[in-house]
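The values are calculated or read from the model by the stated rules, or taken from the named source; none is laboratory data. Computed from a predicted structure; not experimentally measured. Counting neighbours? That spans all protein chains shown, and the Cβs are built from the backbone with ideal geometry, glycine included. Calculation scope for accessible area: heavy atoms of the full protein, side chains included, ligands and nucleic acids excluded. Shrake-Rupley method; radii C 1.70, N 1.55, O 1.52, S 1.80 Å.
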Amino acid sequence: MSKVIELKGIKKIYKTGDEDTIALNGIDLSIEEGEFVAIMGPSGSGKSTLMHILGLLDKPSTGDYMLDGQNISKLSVSKQSAVRNQQIGFVFQQFNLLPRTTVLDNVLLPTIYGKPRNNVNAIKLIEDVGLGDRIHHKSNQLSGGQIQRVAIARALIMDPSIILADEPTGNLDTKRSKEILELFRKINKAGATVVLITHEEEIATYADRTIRLRDGQIVTKEEISA
Ligand code: ADP
Ligand code: MG
């Protein structure tokens, strides 16, 4: 196994007015290729900030980020966005599907900004996430669970090696949550590295490993409840 992600001494400080918020306070973390990692921690502990840094949507204040052995912090902004578009698929809690646009066109959206590493058949992908009978439905004609599935298919259309998901089941009931998690597990079994933020212990049992954050630091399970 090789390390796909390696963070060393990552800090993120937000300056708002004259108050500084230390959102991440020295994160060291390695993730192996093909791992399924859950990130847990109370609200405000830095989970989303960590995910944004992993996804090259935000820069750390200090520290190094090695992605596939390459020091990503040293790349230009345009090289970083090329890496992001090619290698990373995002699923957020607030899925922003294009309104009044078909499932197919929503899934194809990322391909406007770049060529996939490997050609992925959009129809097959939509079938794989269980929406084969909704391909030409518009986004406003779908249920919450179906919207999440579209978002997942869209995250996969560029054939990314890493999937980052921030509370992807946050708005769903238990049954729908389980289905979405099964889907992530399937994606992971097919080879992708999955990093998923959740606040539900039960969800974390789907993962190979759970990383817990508190006050911007990685802690053990015992420490979090202390
Ligand atoms: P979580 O996702 O675990 O709830 P976040 O990563 O969103 O936590 O936030 C961590 C801390 O950083 C919080 O104290 C939050 O208020 C602060 N924070 C997050 N984003 C910003 C921002 N853009 N500007 C200022 N402070 C922020
Ligand atoms: Mg968050």
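Structure data summary
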quantity	calculated
Qualifying residue in the stretch 189-198 (condition: surrounded by fewer than 18 Cβ atoms within 10 Å (Cβ to Cβ) and more than 12 Å from PHE36 (Cα to Cα))	no
Which numbered condition ILE88 misses (of (1) under 21 Å from ILE13 (Cα atoms); (2) in contact (Cβ under 8 Å) with a residue 40 or more places away in the chain; (3) open to solvent by less than 50 Å² (accessible area, probe 1.4 Å))	(1)
Considering residues of the stretch 153-185 that are part of a loop (DSSP other than H, G, I, E, B) and more than 14 Å from PHE92 (Cα to Cα) only, the residue most open to solvent (accessible area, probe 1.4 Å)	ASP173
Flag if GLY46 is within 14 Å of ligand 2 (Cβ to nearest atom) and of a type outside the set (Phe, Trp, Tyr)	yes
Sole residue being of a type outside the set (A, V, I, L, M, F, W, C) and within 16 Å of ligand 1 (Cβ to nearest atom), chosen from GLU200, GLU182	GLU200
Selection count where residues are free of Cβ contacts under 8 Å to residues at least 40 places away in the same chain and either part of a strand (DSSP E or B) or among the charged types (D, E, K, R) (or both), scope the stretch 187-218	3
Selection within the stretch 26-39 - in contact with a helix residue (DSSP H, G or I) (Cβ under 6 Å, 6 or more places away or on another chain) and either open to solvent by 20 Å² or more (accessible area, probe 1.4 Å) or within 15 Å of ligand 1 (Cβ to nearest atom) (or both)	ALA38, ILE39
Single unsatisfied condition, MET51 versus (1) open to solvent by 80 Å² or more (accessible area, probe 1.4 Å); (2) within 16 Å of ligand 2 (Cβ to nearest atom)	(1)
Selection status of ASN96, free of Cβ contacts under 8 Å to residues at least 12 places away in the same chain and either closer than 25 Å to LYS189 by Cα or open to solvent by less than 60 Å² (accessible area, probe 1.4 Å) (or both)	no
Among residues of the stretch 110-126, those that are open to solvent by less than 60 Å² (accessible area, probe 1.4 Å), in contact with a helix residue (DSSP H, G or I) (Cβ under 6 Å, 6 or more places away or on another chain) and more than 18 Å from GLY191 (Cβ to Cβ), counted	3
Any hit, the stretch 71-87, residues being of a type in the set (A, V, I, L, M, F, W, C) and closer than 25 Å to ARG185 by Cβ	no
Set MET1, MET66: member being hydrophobic (A, V, I, L, M, F, W, C), surrounded by fewer than 18 Cβ atoms within 10 Å (Cβ to Cβ), away from ligand 2 (no atom under 16 Å from the Cβ) and at pLDDT 95 or above	MET66
